[in-house]
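Accompanying notes for the structure given below.
What follows draws every value from the coordinates through simple rules; no lab data is involved. Note that the structure is a prediction, hence the values are computed from the model and not measured. Quick reminder, even Gly has a Cβ in these numbers, built from the backbone with ideal geometry, and neighbours come from all protein chains shown.
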Amino acid sequence: MGNLSVESIYSNEPVRVRRFPKPWKLLGSGNYAAVFFHPDYADYAVKVYAPGRPGLQEEAEVYRRLGNHHSYSECYYAGSNFLLLKRLNGVTFYNCIKRGIPITDQAIEDIDSALEYARSRQLHPHDVHGKNVMIHNGRGLIVDVSDFLKQEDCSMWKDFKKAYYRLYRPIASRWLFPVPAIMLEAVRKGYQLWRRRRKK
């Protein structure tokens with residue numbers, strides 16, 4: 001993919017995509033890489049790692065262990081700085097809250113089931129949060145497995161579920177509304193700070 005520039009500025013923030021060629025479309029970006037698709041090949045996604053960011057071979061190994069599972073993507077090919085993946089369609093939980101789209105109990109249960117499946121494949125789910133899970137036709141999908149080989153405990157999904165059942169669900173059952181991005185980012189930053197302090 002010529003004329004592409006993906007940069008990692010801060011290790012704990014999403015990479016920045018400076019430019020990419022037309023007619024490619026940017027699907028999203030995380031702390032290691034950005035994900036693109038081509039309109040002529042809409043069933044595929046290309047995850048391009050930023051220079052200097054580790055983890056490509058580890059992520060390929062995660063997909064090898066996961067095999068074919070309906071809640072995960074699949075890796076068709078691993079290049080020197082990219083992965084060719086099955087494209088998953090849907091809306092992230094983060095964007096559901098941002099746009100006022102309901103998150104279903106079934107989607108939450110699907111994520112729980114998919115994480116149990118990953119554990120059965122000798123993986124250790126890590127970094128599972130609202131930007132890394134999606135809903136499609138009411139069902140839950142996990143779109144980022146890049147940290148599933150890490151061994152330390154991660155409570156992000158448990159924390160998200162607590163917020164879902166204690167806060168989101170009671171409110172959304174009566175009144176579903178879009179939450180401004182600035183408010184969501186403030187919550188995200190506050191949660192990151194709280195997690196850092198809890199680890200001390």
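A few points about this structure:
- Of all aspartates and glutamates in the structure, those lying under 12 Å Cα to Cα from residue 189, and not within fewer than 8 positions of it along the same chain, are 13.
- Per residue, the average separation of C-alpha pairs within less than 8 Å and at least 6 apart gives the stretch 36-148 a relative contact order of 28 percent.
- For the chain, calculated [θ]222 nm from helices alone, where every DSSP H run of n ≥ 4 adds -39500 (n - 2.57): -10000 deg cm²/dmol
- Remark: the Cα gyration tensor places the stretch 5-86 in the oblate category, a/c being 1.5 or greater and a/b not exceeding b/c.
- Between the C-alpha center of the stretch 40-95 and that of the stretch 150-184 there is a gap of 25 Å.
- Shape of the chain, Cα gyration tensor, a/c cut at 1.5: rounded
- As a length-normalised measure over Cα pairs under 8 Å and 6 or more apart, the relative contact order of the chain settles at 15 percent.
- Exposure proxy shown here: for 175, 24, 194, the number of other Cβ atoms within 10 Å sets the order, fewest to most, as 175, 194, 24.
- Across the cross-link table entries 22/161; 98/158; 150/199; 25/161; 25/199, which are compared at the Cα atoms, the separations over 27 Å belong to 22/161; 25/161; 25/199.
- Shape call, the stretch 91-199: gyration tensor on alpha carbons, a/c limit 1.5: oblate
- GNM top mover of 78, 42, 118 - the chain, alpha-carbon springs below 10 Å: 42
- Gain in span if fully extended, residue 44 to residue 7, counting 0.36 nm per residue against the direct Cα distance: 11.1 nm
- Highest-fluctuation residue, 56, 167, 176 considered, GNM on the chain with Cα pairs under 10 Å: 167
- C-alpha long axis of helix 56-66 to longest principal axis of the chain, angle in °: 60
- Highest-fluctuation residue, 96, 154, 75 considered, GNM on the chain with Cα pairs under 10 Å: 154
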